[in-house]
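*Asks:* Dumping the structure here so I can ask a few things about it.
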Amino acid sequence: MRLSQFHLNTVKEVPADAEIISHQLMLRAGMLRKLAAGIYTWTPLGLRVLRKVETIVREEMQRAGAIELLMPSIQPRELWDETGRWQKFGGQLLKLKDRKDQEYCYGPTHEEVITDFARNELKSYRQLPVNFFQIQTKFRDEIRPRFGVMRAREFLMKDAYSFHLDPQCLAREYQNMYDAYTRIFTRLGLRFRAVQADTGAIGGSASHEFHVLADSGEDAIAFSTASDYAANIEMAAAPAPCARAAARETLEKVATPTQKTCAEVAQLLGVELARTVKSVALMGEHGFALALVRGDHTLNEIKLAKQPDLGEYRLAREDEIVDYLGGAPGFIGPRAPRKAITVIADRAVAALSDFVIGANETGFHLRGVNWGRDLPEPQCVADIRNVEAGETAADGSGALAIARGIEVGHVFQLGQKYAAAMHASVLDAQGKAVTPHMGCYGIGVSRIVAAAIEQNHDAAGIRWPAAMAPWQVAICVINPKGNAEVDASASALYAQLQQRGVEVVLDDRGLRPGAMFADIELIGIPQRVVISERSSAAGQFEYRRRDADRSEMLNVMELLDKISSDSI
């Protein structure tokens with residue numbers, strides 16, 4: 001490809017709403033152009049990178065035995081009503097009507113469509129197991145689309161769905177997809193971790209997320225420094241606390257006129273923050289509840305939502321707090337409520353003695369509080385907090401570390417949730433109709449592009465892993481005097497590299513060296529060769545890798561060998 005015949009439009013300035021580096025660099029490099037909020041045109045340059053990712057994903061899915069199909073992006077409401085997700089999916093579901101007033105949605109995911117396909121196509125156990133996948137545009141109506149394609153409304157996704165006769169077969173395919181995803185992200189040249197994750201709105205019995213590690217990642221992941229254990233912070237299990245110590249202090253009400261937070265109260269009373277208890281007031285399915293965590297810990301809403309004593313919940317309003325507890329927010333606790341409440345205590349709180357809580361009286365707290373003596377044992381004790389760096393990993397292997405990650409893939413064991421809801425069945429070996437078990441496996445193809453940039457960039461621009469770069473080599477021609485030998489040397493090298501199967505681009509736009517090199521570094525080409533009048537006359541080429549500190553002068557054979565070895 002000659003850049004004089006290609007559309008490349010780099011820019012120096014970026015819009016103020018480009019908050020993260022991948023969004024900024026994709027706009028500056030001319031990979032994206034915004035059409036509307038969260039909706040982008042992929043330019044020829046951006047599309048080259050996107051197709052690189054798509055190709056590797058497709059190859060590894062096929063290698064793993066999955067079969068490609070293509071499902072409609074527009075889906076009828078009737079299918080979503082069968083699973084109850086027309087309402088449950090929420091505002092992210094873009095709903096529309098046709099001229100006959102029939103209701104549809106623009107597909108954010110395809111569990112309903114693939115299950116409808118399966119119930120009409122799969123009749124016998126002999127057709128199982130089977131795994132169908134597609135690479136297709138999805139749409140989710142994000143409340144606040146931001147960060148470019150990292151959180152866009154329209155995005156490219158690979159989604160796969162498998163069908164099995166029993167859970168054991170599903171578990172084997174789940175591992176097969178886990179292994180395929182590992183190969184995909186390894187081939188893409190990304191640093192990543194697979195972590196245990198919450199199943200969320202998709203549902204199911206087990207799931208893992210694949211995260212590209214980057215300081216700008218939205219998700220926190222916890223991993224052991226001594227084993228393969230890793231989990232999203234939402235799922236990472238906190239270590240069991242030590243046994244509760246015996247009470248030593250007497251109960252005392254203390255004035256805290258302006259101190260509402262645990263940190264402020266701890267400082268006033270001269271106690272460790274770990275001896276204070278944070279009370280979070282909630283209104284759940286079964287009434288008013290208090291969730292208790294230590295003052296130095298953070299409540300984990302995902303873990304909390306799984307507590308059967310709570311069900312679906314919301315934060316309690318101030319008038320409800322006063323009605324049930326008597327005190328204003330900032331001074332509340334589980335002792336002597338006005339009305340019956342449910343107390344859900346984190347395990348670390350249940351193990352405390354001589355701790356501090358709100359007195360349910362504005363301007364006061366209680367210190368020297370002990371379970372059993374000063375207030376009843378909590379109705380529910382569970383792990384409802386986030387883990388912290390340095391704590392013991394759930395597998396007991398070593399200390400936990402916390403890193404930031406960008407979720408780019410997710411695998412689920414769905415079980416029979418969708419198949420049962422949509423009455424899909426196959427005949428088993430005895431001729432009995434059985435409900436198949438399903439797996440679901442997604443990869444954010446367009447999101448991978450942004451995640452790779454978040455992980456691989458410097459002050460000059462993008463530093464693509466070789467597998468994702470739009471071209472492997474850029475030949476930069478410096479020829480202000482129009483020397484025919486310089487052009488001939490560049491064209492000859494260009495032809496030789498093409499013959500060797502190297503993806504090469506010839507920058508023959510006639511730019512000044514500074515502007516030309518800035519463009520090539522910005523768009524992230526891994527290798528650069530400069531041909532000038534001086535180097536051509538000496539039979540030399542100036543070679544530099546994108547990640548190298550300096551250039552080196554090579555003859556043509558040395559150059560070809562160098563490029564071939566560095567492109568592997």
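The values are calculated or read from the model by the stated rules, or taken from the named source; none is laboratory data. These figures come from a predicted structure and were not determined experimentally. Neighbour counts are summed over all protein chains in view; Cβ atoms, including those assigned to glycine, are modelled from backbone coordinates with ideal geometry.
*Asks:* Against the definition (in the same structural domain as Gln136 (by TED's automatic domain parsing) and either surrounded by 24 or more Cβ atoms within 10 Å (Cβ to Cβ) or under 31 Å from the mean Cα position of the chain (by Cα) (or both)), how does Gly461 come out, yes or no?
*Replies:* No, not satisfied.
*Asks:* Let me ask something additional. Looking only at segment 10-28, which residues are in contact with an Asp or Glu (Cβ under 6 Å, 6 or more places away or on another chain) and over 16 Å from Arg151 (Cα atoms)?
*Replies:* Once the filter is applied, which keeps residues that are in contact with an Asp or Glu (Cβ under 6 Å, 6 or more places away or on another chain) and over 16 Å from Arg151 (Cα atoms), segment 10-28 yields only Thr10.
*Asks:* Report yes if some residue within segment 225-246 is in the same structural domain as His437 (by TED's automatic domain parsing), modelled with pLDDT under 95, in contact with a Lys or Arg (Cβ under 9 Å, 6 or more places away or on another chain) and among the β-branched types (Val, Ile, Thr); otherwise report no.
*Replies:* No, there is no match, as no residue in segment 225-246 is in the same structural domain as His437 (by TED's automatic domain parsing), modelled with pLDDT under 95, in contact with a Lys or Arg (Cβ under 9 Å, 6 or more places away or on another chain) and among the β-branched types (Val, Ile, Thr).
*Asks:* Here is a list of conditions, (1) under 16 Å from the mean Cα position of the chain (by Cα); (2) more than 19 Å from Ala393 (Cβ to Cβ); (3) modelled with pLDDT under 90, and Gly204 meets all of them except one; can you say which number that is?
*Replies:* Status for Gly204: all satisfied but (1).
*Asks:* Looking at Ala236, Ala230, which one is buried (at least 17 other Cβ atoms within 10 Å of the Cβ), closer than 30 Å to Gly84 by Cα, touching a residue at least 24 places away in the same chain (Cβ under 8 Å) and among the small types (Gly, Ala, Ser)?
*Replies:* Ala236
Per-residue answers, yes or no, for (1) out of contact with any helix residue (DSSP H, G or I) (no Cβ under 9 Å at 6 or more places or on another chain); (2) free of Cβ contacts under 8 Å to residues at least 24 places away in the same chain; (3) assigned to a helix (DSSP H, G or I); (4) not charged (D, E, K, R):
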{"site": "Ala240", "(1), (2), (3), (4)": "no, no, no, yes"}
{"site": "Ala247", "(1), (2), (3), (4)": "yes, no, no, yes"}
{"site": "Lys253", "(1), (2), (3), (4)": "yes, no, no, no"}
{"site": "Ala263", "(1), (2), (3), (4)": "no, no, yes, yes"}
{"site": "Val277", "(1), (2), (3), (4)": "no, no, no, yes"}
{"site": "Met283", "(1), (2), (3), (4)": "no, no, no, yes"}
{"site": "Phe288", "(1), (2), (3), (4)": "no, no, no, yes"}
{"site": "Ala291", "(1), (2), (3), (4)": "no, no, no, yes"}
{"site": "Ile302", "(1), (2), (3), (4)": "yes, no, yes, yes"}
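*Asks:* Can you tell me which residues in segment 310-341 are exposed (fewer than 14 other Cβ atoms within 10 Å of the Cβ) and under 17 Å from His365 (Cα atoms)?
*Replies:* Matches in segment 310-341: Ala336, Arg338.
*Asks:* Identify the residue in segment 142-186 that is in a helix (DSSP H, G or I), touching a residue at least 60 places away in the same chain (Cβ under 8 Å) and touching a Pro at 6+ places or on another chain (Cβ under 9 Å) and, among all such residues, is nearest to Arg463 (Cα to Cα).
*Replies:* Glu173
*Asks:* Which of the residues belonging to segment 63-102 are surrounded by 13 or more Cβ atoms within 10 Å (Cβ to Cβ), farther than 16 Å from Ile114 by Cβ and either in contact with an Asp or Glu (Cβ under 9 Å, 6 or more places away or on another chain) or in the same structural domain as Ile184 (by TED's automatic domain parsing) (or both)?
*Replies:* Passing the criteria: Ala64, Gly65, Arg77, Trp86, Gln92, Leu93, Leu94, Lys95.
*Asks:* For Gly270, indicate whether it is in the same structural domain as Leu315 (by TED's automatic domain parsing) and on the phi < 0 side of the Ramachandran plot.
*Replies:* Criteria not met by Gly270.
*Asks:* Going by the structure shown, is Val504 at pLDDT 95 or above and among the aliphatic types (A, V, I, L, M)?
*Replies:* yes
*Asks:* Here's a follow-up. Considering only residues that are buried (at least 24 other Cβ atoms within 10 Å of the Cβ), over 22 Å from Gly90 (Cα atoms) and among the small types (Gly, Ala, Ser), which ones fall in segment 141-179?
*Replies:* Across segment 141-179, the qualifying residues are Gly148, Ala160, Ser162.
*Asks:* While we're looking at this one, here's another question. Looking only at segment 384-421, filter to residues that are surrounded by 19 or more Cβ atoms within 10 Å (Cβ to Cβ) and part of a loop (DSSP other than H, G, I, E, B); which one of those is modelled with the lowest pLDDT?
*Replies:* For segment 384-421, the residue satisfying everything is Ala394.
*Asks:* May I pose another question? Quick one: count up the residues across segment 354-380 that are surrounded by fewer than 19 Cβ atoms within 10 Å (Cβ to Cβ), of a type in the set (Val, Ile, Thr) and in contact with a helix residue (DSSP H, G or I) (Cβ under 8 Å, 6 or more places away or on another chain).
*Replies:* 0
*Asks:* Among the candidates Gln379, Gln416, which residue alone is more than 30 Å from Phe223 (Cβ to Cβ), free of Cβ contacts under 8 Å to residues at least 24 places away in the same chain and within 37 Å of the chain's Cα centre (by Cα)?
*Replies:* When all the criteria are applied, what remains is Gln416.
*Asks:* For segment 1-31, give me the residue count where each residue is surrounded by fewer than 18 Cβ atoms within 10 Å (Cβ to Cβ), touching a residue at least 40 places away in the same chain (Cβ under 8 Å), charged (D, E, K, R) and over 25 Å from Gln498 (Cα atoms).
*Replies:* 2
*Asks:* Restricted to segment 516-538, and to residues that are at pLDDT 95 or above and small (Gly, Ala, Ser), which residue is farthest from the chain's Cα centre (by Cα)?
*Replies:* Ala518
*Asks:* How many of the residues in segment 467-490 are part of a helix (DSSP H, G or I) and at pLDDT 95 or above?
*Replies:* 2
*Asks:* Another question, then. Restricting to helices (runs of 4 or more DSSP H) lying wholly in segment 502-568: which have 2 or more residues that are of a type outside the set (S, T, N, Q) and buried (at least 21 other Cβ atoms within 10 Å of the Cβ)?
*Replies:* By residue number, 513-523, 556-566.
*Asks:* Tell me, please, whether a residue that is buried (at least 24 other Cβ atoms within 10 Å of the Cβ), within 30 Å of Gly84 (Cβ to Cβ), in contact (Cβ under 8 Å) with a residue 12 or more places away in the chain and of a type in the set (D, E, K, R) can be found in segment 441-454.
*Replies:* yes
*Asks:* Please go through segment 91-141 and pick out each residue that is within 22 Å of Ala180 (Cα to Cα), part of a strand (DSSP E or B) and of a type in the set (Ser, Thr, Tyr).
*Replies:* Thr137
*Asks:* Further question on the same structure: Are any residues in segment 288-303 within 31 Å of the chain's Cα centre (by Cα), surrounded by fewer than 22 Cβ atoms within 10 Å (Cβ to Cβ) and among the hydrophobic types (A, V, I, L, M, F, W, C), and if so, which ones?
*Replies:* Leu299, Ile302
*Asks:* Further question on the same structure: Could you list, ordered by first residue, the pairs with Cβ atoms under 7 Å in which the first is in segment 55-67 and closer than 12 Å to Phe185 by Cα and the second is of a type in the set (Val, Ile, Thr) and at pLDDT below 95, at least 6 apart or interchain?
*Replies:* Pairs that qualify, where the first residue is closer than 12 Å to Phe185 by Cα and the partner is of a type in the set (Val, Ile, Thr) and at pLDDT below 95: there are none.
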